[in-house]
Protein chains: 2
Amino acid sequence: MSAVLMDGKAASEEVVGALQVRVAELPFTPRLTFVRVGDDPASAYYVRSKERMARRVGVASETRVLPEGTSQAELLAIVAELNSDPEVDGLLVQLPAPGVDEATVLAAIDPDKDVDGLHPLNVGRLWTGRPGLRPATPSGVIALADRYGVELEGARAVVVGRSNLVGKPLAAMLLERNATVTLAHSRTRDLAAVCRDADVLVAAVGRPGLVTADMVKPGAAVFDVGLSRVDGKVVGDVSPDVAAVAGWLTPMPGGTGLMTVAMVVANTVEAAVRRQGHAA
Amino acid sequence: MSAVLMDGKAASEEVVGALQVRVAELPFTPRLTFVRVGDDPASAYYVRSKERMARRVGVASETRVLPEGTSQAELLAIVAELNSDPEVDGLLVQLPAPGVDEATVLAAIDPDKDVDGLHPLNVGRLWTGRPGLRPATPSGVIALADRYGVELEGARAVVVGRSNLVGKPLAAMLLERNATVTLAHSRTRDLAAVCRDADVLVAAVGRPGLVTADMVKPGAAVFDVGLSRVDGKVVGDVSPDVAAVAGWLTPMPGGTGLMTVAMVVANTVEAAVRRQGHAA
């Protein structure tokens with residue numbers, strides 16, 4: 001048995017295509033502004049990927065690069081300015097930023113421009129089933145599952161990793177799709193046994209090779225969201241030997257990461273449409 | 001083997017005692033306002049229990065009873081008035097109210113007066129580990145576990161029922177305490193097998209006898225939060241025969257319900273202290 005590879009590149013291109021059609025029909029151009037601090041090459045890379053995809057879709061995008069050493073107060077002042085700028089539909093502060101409290105910055109972004117879906121009000125909307133912008137990476141996982149016909153309804157889903165960015169919001173989305181959801185983490189005892197129960201297994205920790213073949217139920221759908229660099233190479237949380245056991249597997253790279261980028265752009269279009277008062 | 005009964009009456013009296021001491025030391029009187037609509041006897045009963053405990057603690061309490069047929073707009077106007085009333089520290093709208101959209105009303109309450117902890121901003125604060133008012137029933141379950149020395153750290157916890165009131169926020173609180181948490185519900189396949197994995201099992205559905213002895217791991221801590229009326233008698237979700245298998249069990253009545261009342265009053269004191277700018 002060899003797992004079906006869930007192709008994030010192909011799936012994200014479909015999202016791009018659908019968004020191009022939708023944006024072309026809008027009587028206005030959605031605008032997305034990125035803010036990033038300092039010279040971290042990874043941050044610069046992530047922002048560039050999102051900018052590039054935004055432009056392809058027809059979303060106007062600009063990035064404000066603030067110098068290393070920008071204070072939290074300065075960053076908050078820029079967020080406030082962009083919040084009140086009627087031309088800005090989506091606002092994404094690329095974190096981490098050195099010397100800045102992430103929670104404070106995230107809570108300062110206008111929830112209706114929060115294309116990362118990390119403002120506490122958007123978190124609460126997600127968990128209570130209300131409309132709101134939703135985090136991109138978990139939305140991408142759900143979209144990939146749907147594209148490949150992975151059944152979520154009634155499935156046992158195990159999410160390893162309880163970050164605000166991925167693990168917790170993904171648990172909410174899987175629950176909404178009527179999966180029985182378990183959140184596992186660093187304090188989980190016998191992680192292997194917990195994972196073996198999963199029809200849908202998501203690894204979102206950032207520890208290379210955390211999930212090995214013996215931890216996977218035969219035929220399960222496995223989503224690799226972890227990301228580490230080992231000897232300059234990008235590797236996920238899922239060991240390559242899982243492909244022999246799983247029914248579906250996201251490759252790394254080329255899996256969930258590209259969907260994250262696509263979902264940020266999709267959120268921008270959604271935010272713009274709502275802000276401009278057009279029906280979604 | 002016979003389970004230790006987790007006595008909600010005794011535990012809630014301890015909370016009352018601690019709150020009495022704390023309120024007596026405050027230079028002001030915390031104020032709690034209830035709003036309820038119509039003549040539903042259950043609603044009236046719940047509000048009376050909370051009022052009674054509030055008064056015992058030294059919290060000033062008043063209830064606005066609105067006539068059956070009060071429109072949502074009228075209710076929202078009263079909420080707005082109480083939000084802006086500086087004398088009101090805590091505001092609780094007893095739901096359900098006929099003809100009123102619950103989500104709309106909950107989102108209209110000032111989050112810092114929201115002693116039910118159900119405003120989406122408070123939900124988001126809970127899930128992201130930020131300070132905020134937290135739902136009373138799940139807080140009561142955690143407090144009972146602590147009082148009886150039920151270990152949560154590293155435990156496998158299964159919460160049956162995914163309501164906004166109990167199941168979902170309790171999952172967040174158990175996760176915060178480093179339990180491995182599973183949310184099960186009506187679409188869960190083989191609920192018995194899922195429950196049998198639990199060191200900590202919470203039933204919060206409202207279906208009498210849902211959890212039977214064969215679904216409980218010997219020695220587990222079982223919390224009964226369900227509440228139904230059968231032939232005029234209050235019954236929980238947990239079948240009485242579970243007492244022979246569980247290590248700990250909340251009685252029904254006399255278990256989690258009284259803790260809920262105590263936690264609403266505790267939230268009021270916390271809200272008042274924060275609003276008045278005193279250190280908690």
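Nothing in this text is a laboratory measurement; each read-out follows from the coordinates by a stated rule. Computed from a predicted structure; not experimentally measured. All Cβ positions, even for glycine, are placed from backbone atoms using ideal geometry, and neighbour counts span all protein chains on display.
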For this session: Would you compute, from DSSP H runs of 4+ residues alone, the mean residue ellipticity of the protein assembly as shown at 222 nm, taking -39500 (n - 2.57) per run and dividing by the full residue count, rounded to the nearest 500?
Result: -12500 deg cm²/dmol
Exercise. What are the label-to-label distances in nm, one decimal and shortest first, from residue B:17 to the same spot in the other copies, with labels 7 Å along Cα to Cβ?
Worked result: 7.0
Problem set entry | Selected from B:230, B:37, B:158 as most flexible by GNM, with chain B as the system and alpha-carbon contacts under 10 Å | B:230
Seminar exercise, completed: GNM on chain A, Cα springs under 10 Å; top mean-square fluctuation among A:171, A:155, A:80 goes to A:80
Seminar exercise, completed: Output field shielding_mean for B:127-138 (other chain Cβ, 10 Å radius) holds 3
For this session: Given a cut-off of 19 Å, name the pairs among A:217/B:217; B:50/B:113; A:168/B:168 whose C-alpha atoms lie farther apart than that in the structure shown.
Result: A:217/B:217
Exercise. Taking a spot 7 Å from the Cα of residue A:56 along the direction of its beta carbon, which residues of region A:1-39 have an amide N less than 19 Å from it?
Worked result: A:6-25, A:30-34
Problem set entry | Bridge type composition, the protein assembly as shown - antiparallel percent by DSSP, nearest 5 | 15 percent
For this session: Over the whole of A:156-166, what's the average partner chain Cβ count within 10 Å per residue? Rounded to a whole number, please.
Result: 2
For this session: Provide an ascending nm list, one decimal, of label-point separations from residue A:45 to the equivalent residue in each further copy; define each label point as 7 Å from Cα along Cα→Cβ.
Result: 6.2
Exercise. Amide H of residue A:61: which non-local residues (sequence gap of 5 or more, or other chain) have their own amide H closer than 5 Å, using H built in the peptide plane?
Worked result: A:32
Exercise. What is the distance in Å between the Cα centres of region B:239-269 and region A:152-182?
Worked result: 28 Å
Problem set entry | Label-point separation in nm, residue A:146 to residue B:193, each point 7 Å along Cα→Cβ | 2.9 nm
Exercise. How large is the dipole of region A:27-110 about the Cα centre if only Lys and Arg carry +1 and Asp and Glu carry -1, each at its Cβ, rounded to the nearest 20 debye?
Worked result: 500 debye
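Taking K and R as +1 and D and E as -1, what net charge do the other residues with C-beta under 15 Å from the C-beta of residue A:274 add up to?
Once all neighbours under 15 Å are counted, the net charge is +2.
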Exercise. Highest GNM mean-square fluctuation, chain A, Cα pairs closer than 10 Å: which of A:206, A:247, A:99?
Worked result: A:99
Exercise. Using the count of nearby Cβ atoms within 10 Å as a rough guide to exposure, how do B:105, A:21, A:200 rank from fewest to most?
Worked result: A:21, B:105, A:200
For this session: Would you mind giving the average projected area, over all directions, of the Cα convex hull of chain B in nm² with one decimal?
Result: 14.4 nm²
Exercise. Counting other Cβ atoms within 10 Å of each Cβ, which GluC sites (Glu not before Pro) in region B:150-200 have at most 16 and sit in a DSSP loop?
Worked result: B:151, B:153
